[in-house]
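All remarks here apply to the structure that follows.
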Amino acid sequence: MPHDPDLPPAKKFKPGSVFFRLDKNKPGMLLPRKGNATTPVDVQRKQMNHFYCPHLYLNYALTRPVLCHTLGETGSGKTTQIPQYLYEAGIGRQGIIAITQPRRVAAISLAGRVAEEKRSQLGKLVGYTVRFEDATSPETKLKFMTDGMLLREAIGDPLLLRYTVVVLDEAHERTVHTDVLFGVVKTAQRRRKELNKIPLKVIVMSATMDVDLFSEYFNKSPVLYLEGRQHPIQIYYTKQPQSDYLQAALVTIFQIHQEAPPSHDILVFMTGQEEIEALARTCRDIAKHLPDSCGSMVVIPMYASLPPVQQLRVFQPAPKGCRKVIVSTNIAETSVTISGIKYVIDTGMVKAKRFNPDSGLEVLAVQRVSKAQAWQRAGRAGREDSGSCYRLYTEQEFDGLIPMTVPEIQRCNLAGVMLQLMALGIPDVMNFDFMSKPSPEAVRSAVEHLELLGAVERKEGHVSLTALGKKMASFPLEPRYAKTILLSPDYSCSEEILSIVSLLSVDTVLYNPPARREEVLTARKKFTSSEGDFMTLLNIYRAFKKVGGNKEWCRENFVNSRNMGLVKEVQAQLRDICLKMKLKLESCGADTGNVRLCLAHGMFINAAELQPDGSYLALDTHQPVAIHPSSVLFQAKPAYVVFNELLHTSRCYMRDLCLVDADWLLDAAPEYFGRKLRATKS
DNA sequence: GAGCACTGC
C-alpha cells in the first residue's frame, strides 16, 4: 500500500523533468564523435541539413564505411528514405541494399511503403524476405528482411557478397540476431577489403541517443544525430516508494479519470496476463459505481497471447465521452503502436527472461525496467501531442535503475548462436568479437552442450564444427531438435520426429480456457498417450491432419488453430531441408517405440530419473525437478523421462515429457551417463 | 496440482 493512504492520489506525485527526446536547444546536429566537440553550431546545423538533402547526405554517407544514426521519429520516414537515397545514388547497381528489422510485420510493411513510393510492384525493385515468405525477384535491389533471415543467408555467404549495403535498423533493441549480425558485417567488411571485393557499406540506425557503443565497436565510426519530433512529456514520480504497484496503478488510473477530459486515453504498463486481466476486472467494477459526472471508461487488456481479434480492440476509438484505458505488457513498448495516448502509467516492472549458465536454466522473472525502457514507455504518451507519464516509483528509485536493458545475448542460452557462428566459418568462436560479450561461463556451457551433441569437437583447445554439426546448423531450430531430426532416419521415424519437433518449436497448440476445464479434459482424453506428452501431441497433430486442418475441429478439441497452422508451415520447411540433404523420410506407423528411442538419443541431455523418495533429479545438473501438472504423466511415476524444457516457477518443473528406458539413455551417451548415473546413486 | 514478457530462423 502507498505510505500515505489518506492523501488524494494526485498529491502522491511530484513533477519531474519535462522530457524531450533530444535537447531542444541543440536542434539536430551532425556531431563528430566524442572528444572532438569543437565544430561550431552553425556548421553543425548546416551539416544537419545535409540529411534532408539526399545529395549532401550521400556525400557524407558514401565516403564512410560505417555510419551510425540516431533517428528522431521511430518507424517513420527515414527508414524508408535512406535506402532510396542509396539506391538512387547508384549503389544498388552492383548489389542489393538490405534493410534488416527485428520483426516480420515491420519488414513487410516497410517494403510495401517503399514499393508504393517508387511506384513499383512489391517483389520487383523493392521486396522483402521473412521466414515462410519471400517476396523478392532477381530485379530486387531494395530488400527488407528480418535480422534472423540475413543471418541465415550469411551461413551460405559469410561475406554477404550479394549486398553492397546493409542497413541494421532498430539496432537499439539489441536482439540476439542483430548482435550477431554486428560481428558478421564487421568481419565481412574487413575480409572484402582484404580480398579486393566490392566494399560493403554498413549503416546502423538506432532510436536512442546511446550510439557511442555502436560507434566504438565499428572503429569509432562517425555518428549522425538527428532531432526528434517527439512532443514534450511531463514526468511525474511518486513521493514515496510504493510497495504495491497494482494498487498504485489503480489509484492513479481513477485519479486521471476524474480529472482529465474523456478523450485522453491512458496506457498502463504491467508485467503479465494474469495481472492485466485482474486489474482490468477491478477497473470495470469500480467504474460501474462511479458518479455519472465521472464519465464512462472502457478497459482493454493487451498482451501477445490474446486472440488477434481482441488485440485489434486497442486500435478502435472509444465511444464519444468514454475514456479508453489500455492495460498492456511491454508489447506496447515497441511491437504495437497505439495512437491517442495522452497518459502513460509506468509500474516500473517488467517480466523478462534471465539465464543461469551453471544450471542452464532460463527463468522468467518480474524485475525492474531499465532507464532506457522507462523512457521508451514514457515516449508512448507523446506521439501526436504533449503528454504525461506517471511513474509509480520515486525519482531516487529511477536514478537507481540500470541505464540500458541487458542485451538479450547476455541473457540467453548460446548453444544455437555458437553453432551458427561456427557454421559461418568464424575461426575462434570462443573469442568472437561481440559488441557486448556474453559471460565466459555462458560461452563455455554452450560449447560443452554442442560437444555432447556431437556438433563440435575439441582438438588441442581449439573448437571446430563436425560434419554432423554442419548439418545441424542448416535447421532453423535449437541444436538438440536438429540433432533429433538427423538421427530419425536411423530409427525409420523421420515423419513422426519432424511433426514432434515442429509441435515443440512453436507456442503450445493446446488451448486451455480455465472456465471450461472439464470439457477440455474430456476432449483431450481421446488423444492422451501413456507414453507422454510428445506422443499425445503427435496424436493430436495426426487427427488434425486427418480432418484437413478443419477449424471447427480445432474449436471442438480445444486446439489453437493459428499455432497449428504454424506447425504445418514449420514442418514443411523442415521437410524441405531434409530433402535437400537427401535424408530418408519415412513413417514408423503404429510402432511409436522407435519414436521414443529416437527422442531418447536426441534429447538425452534433458533426462530425469525417479528417486527412491518419489522425486526426480535432472541427470545433467542433478537439480531436483518435478513433473508439471499439465503433463499427461503428472500422476504416473515413470522411472526415466526426457523433457522438452524446464520451467522455473514455484518449483523447477519439467514440461512436455516422454517416457524412455534407462538403457536407451546409456546407449545414447555411454560415457556421459556412466558418469551421471553413478553420481546420482552415490 | 500449476499458470507462460516479447521477438525470430
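The values are calculated or read from the model by the stated rules, or taken from the named source; none is laboratory data. All figures in this text were calculated on a predicted structure; none of them were measured in a lab. For neighbour counting, all protein chains shown are included, and Cβ atoms are generated from backbone atoms with ideal geometry for every residue, glycine included. Note: accessible area is taken over every heavy atom of the protein model, side chains too, but ligands, DNA and RNA are not part of it. Shrake-Rupley method; radii C 1.70, N 1.55, O 1.52, S 1.80 Å.
P(r) tail, the stretch A:248-330: Cα-Cα pairs separated by more than 20 Å, 27% of all pairs. Protection proxy ranking of A:244-250, A:151-157, by the mean of other Cβ atoms within 10 Å over each peptide's residues and highest first, is A:244-250, A:151-157.
Per-residue SASA remark: A:His462, around 90 Å² accessible (1.4 Å probe; ligands, DNA and RNA not included).
List the pairs from A:Lys470/A:Lys526; A:Lys568/A:Lys637; A:Lys470/A:Lys568; A:Lys239/A:Lys351; A:Lys118/A:Lys201 whose alpha-carbon separation is above 29 Å, in the order I gave them.
Details: A:Lys470/A:Lys526 40 Å; A:Lys568/A:Lys637 33 Å; A:Lys470/A:Lys568 25 Å; A:Lys239/A:Lys351 25 Å; A:Lys118/A:Lys201 22 Å.
A:Lys470/A:Lys526; A:Lys568/A:Lys637, as the Cα separations exceed 29 Å there.
Semi-axes of the equivalent ellipsoid of the stretch A:506-635 are 27, 24, 13 Å, computed as sqrt(5λ) over the eigenvalues of the C-alpha gyration tensor in descending order.
Suppose the chain between A:Val406 and A:Asp667 were pulled fully straight at 0.36 nm per residue; how much longer would it get relative to their current alpha carbon spacing?
On the way: separation 261, 0.36 × 261 = 93.96 nm, distance 4.06 nm.
Contour length minus Cα-Cα distance gives 89.9 nm.
With the convex hull drawn over the C-alpha atoms of chain A, the volume per residue is 194 Å³.
Between A:Val456, A:Tyr343, A:Asn644, the Cα set farthest toward the positive side of the dipole of chain A (charges on each charged residue's Cβ, about the Cα centre) is that of A:Tyr343. Stokes-Einstein diffusion of the stretch A:430-562 at 20 °C, 1.002 mPa s viscosity, Kirkwood radius from Cα pairs, rounded to a whole number: 121 µm²/s. Peptides A:536-547, A:598-609, A:442-453 ranked from most to least packed, by the mean per-residue count of other Cβ atoms within 10 Å: A:598-609, A:442-453, A:536-547. Over every Cα atom in the stretch A:603-681, the radius of gyration and the widest Cα-Cα span, Dmax, amount to 11.6, 34 Å.
With Cα atoms as the point set, the radius of gyration and Dmax of the stretch A:409-472 evaluate to 10.8, 30 Å. At q = 0.12, 0.17, 0.19 Å⁻¹, what is the log10 ratio I(q)/I(0) for the stretch A:169-292, with the Debye formula run over Cα points and no solvent? The calculated log intensity ratios at q = 0.12, 0.17, 0.19 Å⁻¹ are -0.74, -0.98, -1.10.
Annotation for A:Asn512 and A:Lys526: the two label points, set 7 Å from Cα along the Cα-Cβ direction, are 2.2 nm apart. Helix content alone sets the calculated 222 nm mean residue ellipticity of chain A: runs of n ≥ 4 DSSP H residues at -39500 (n - 2.57) each, divided across all residues, give -11500 deg cm²/dmol. Histogrammed with a bin width of 5 Å, the alpha carbon distances of the stretch A:241-406 distribute as 1, 8, 18, 22, 21, 15, 8, 4, 2, 1, 0, 0 percent, first bin at zero.
Per the Kirkwood formula on distinct C-alpha pairs, the Rh of the stretch A:73-166 is how many angstrom?
Values: mean 1/r = 0.0769 Å⁻¹.
Computed over the stretch A:73-166, the radius equals 13.0 Å.
Rounded to the nearest 5, what % of the DSSP beta bridges within chain A are antiparallel ones? List each step's numbers first, then the result.
On the way: 39 of 91 bridges.
Antiparallel bridges: around 45 percent, rounded to the nearest 5.
Highest mean packing first, where packing is the average number of other Cβ atoms within 10 Å per residue, the peptides A:485-498, A:558-571 line up as A:485-498, A:558-571. The slack between A:Asp285 and A:Ser436, meaning 0.36 nm per residue of separation minus the straight C-alpha distance, is 49.7 nm. Note on A:Asp576 and A:His231: their simple-model spin labels are 4.5 nm apart, each label 7 Å out from Cα toward Cβ.
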